[in-house]
1. Would you mind getting me the FRET efficiency between residue 474 and residue 343? Use the beta-carbon distance for r and R0 = 41 Å, nearest 0.05.
2. Could you state the number of Å between the C-alpha centres of region 298-365 and region 477-492?
3. Compute the separation of the alpha-carbon centres of region 55-87 and region 164-226 and state it in Å as a whole number.
4. List the lysines whose alpha-carbon lies under 21 Å from that of residue 425, not counting same-chain residues fewer than 8 positions away?
5. Under 30 Å from the Cα of residue 361, which lysines turn up, not counting those fewer than eight places away in the same chain?
6. Taking the convex hull of the Cα atoms, report for region 592-638 its projected area averaged over all directions, in nm².
7. What's the carbon and sulfur percent of region 465-535's accessible surface, probe 1.4 angstrom, rounded to a whole number?
8. Rounded to the nearest 10 degrees, what's the angle between the helix 147-157 long axis and the longest principal axis of the chain, both from Cα atoms, 0 to 90?
Amino acid sequence: MTAARRRLFAVALVAGLTTLVARDAGRAQPAGRDDVLVLKNVMVAMRDGVRLATDVYRPAKNGVAVESKFPVILERTPYNKDGSQGWAQNFVSRGYVAVAQDVRGRYASEGRWRPMRDDVHDGFDTAKWIGEQPWSDGGIGTVGTSYSGGTQHALAISNAPYVKAMIPVDAMSNFGRYGIRHNGAFELRWFNWVLTLGNAVGGRNAEAAARRAASDAAAAPALIEMGGLVREYARSLPLRPGLTPLKFAPDYEAWLVEAMRHGDDDEFWKDHGSSVVDHLGEYKDIPVLHFTGWYDSWGTQVANLNYVELRNAKKSLQKLVIGPWTHGGQTRSNAGEAEFGPDAAIAFNDLRLRWFDRWLKEIDNGIEREAPVRIFVMGGGDGHKTPEGRVFVGGAWRDEQEWPLARTQATPYYLRQGGALAPQKPTGAAEPTSYAFDPRSPVPTIGGNVSSEGALMFRGAADQRCRPDFWLCQDGKPLSTRNDVLVFQTPPLDRDIEVAGRLIVKLWASSSAPDTDFTAKLIDVYPPNADYPAGIDLNVGDSIVRARYRKGPGKAELMTPGQVYEFTIEMYPTSLVFKKGHRVRLDISSSNFPRFDVNPNTGEPLNDHRRWAIAENAIYHDAEHPSHIVLPIIPNSR
């Protein structure tokens, strides 16, 4: 087929898709069950005239809609509303109407995609439209994970009418601090998200997403091809506008380029649409059930920010559930290479139904009298290899009355010369530990709190050893053998130690460069056993700070080479028992790629550097500069 014929074919295909959407708009279609009737692609007008494609699932009898009023469950998603059929039918069978909507600029909806930027107004207008429909009883509950959790927060920030209860899961929020920008560094999972057009490339939605994003229909195949080359593009950063096929998706390119160069946590991030902590005053006072996981990519925002701030600011009930999960993993009992036992998975749909039955149907099912916080305490397992090839970590659920836990003792463990990690504070002088950080050879990311990672990396708990089949590894050696990874660890523990809460590292460090990064990773070191003769180095949490943002995310300030500065690195929270015989380990370095973008050490503008430099970095651990990690220890565990 010639290039001209391919272009004509692509144009005809897009035109045909548009015709189908228009033809089927608002038409009742069978849902495969006699008790559900779905209206597909109802085009709901927003205040500026842009129409958003909306599917409405109604209770039916013998294929005919029941003419009555019902509470409504709403999801606003960028991930194609056609995938909502499962949860929608489940709620309809329990006496609800379900509504699924493509957000602006995605799939069948009109308009331009600007991440979260329009969801405050669009959410308000959608809720108002729902509440005025003859099948609505005037009550709306909301569901959705990740980005769709963020659209729920946008609804609350808009003070949307009729919305009475929400369940944001692993919700995208406050992402100028963590999630997209991370103490000044950029989380490259978003690089993958955009280049794959919202994780569509490689899946059944690839062609539809590419056609919707492309400014020229003939360029859609180029966007799909680009999405398969994410690793190559990640290795060739920075990303400059107009120089890659992403130029054919201008809305996506404009946002990504700006997000990668915009390090300051200012109005650009705070007004994105789901920054809860920056809009507490506007946030609607309604019951919210917050979900996240210890290995989720949004765990800090959900647990340490959203739940805490809303609990303090609002009268309505706020509940928090934190499991041992990766992103969206509530029905699984594992996270990466770690297995926690069958109790770790929960009956997610049952819990959601109880929440909405209480607040939308006023059924007294007692859910508000249950503990406001429920956490899964990881650890306690014997470390054997399961039939699926995972290490058995074990753990158990526990009810709590608050988060963070009031009874924890913030206990510093100090970095000591020679690689020790101990609760005793250094008392004398000591030479710093120095290393050379070469940005052209970054430390590979092995697991962690990631999502939307695609081919770049893998998520969750993982043995901190390279593996030959991972694209950034050339061998199977432990990361601890690298000269640019500083290892500080305790002796084998003489008793169990339970850690539950925030993980904060205080570092004193210097560099030969005007800007560099410092990373921290907490590791549970398993002793050898029959299944793992070399033991297991299991990651618990990690984080990073870009040196120019050492004073906070508000404004950048380069370093004076050779001067000692104090840095704060907060990891995502955890709850874990370090078992007797294990070691507590803290790894310090200056890269964690591709979890985060690599600092070129030159001090040039973010995402606009032309040079690289090797930085001579030094970590101090003397009486004057007592670098340490603060462990939130449950007292009875010591």
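The values are calculated or read from the model by the stated rules, or taken from the named source; none is laboratory data. The structure presented is a predicted model; accordingly, all values stated were derived computationally and were not measured. All Cβ positions, even for glycine, are placed from backbone atoms using ideal geometry, and neighbour counts span all protein chains on display. These area figures cover heavy atoms from the full protein model, side chains too; ligands, DNA and RNA do not enter into them. Shrake-Rupley method; radii C 1.70, N 1.55, O 1.52, S 1.80 Å.
1. Result of the calculation: an efficiency of 0.55.
2. If you average the Cα positions of each part, the centres end up 35 Å apart.
3. For region 55-87 versus region 164-226, the Cα centre distance is 26 Å.
4. Once the sequence-local lysines are set aside, what remains near residue 425 is 506, 521.
5. Cα-Cα hits under 30 Å: 40, 61, 69, 81, 128, 164, 284, 314, 315, 319.
6. That works out to 6.5 nm².
7. Percent of accessible area from carbon and sulfur atoms in region 465-535: 51.
8. The answer is roughly 80 degrees.
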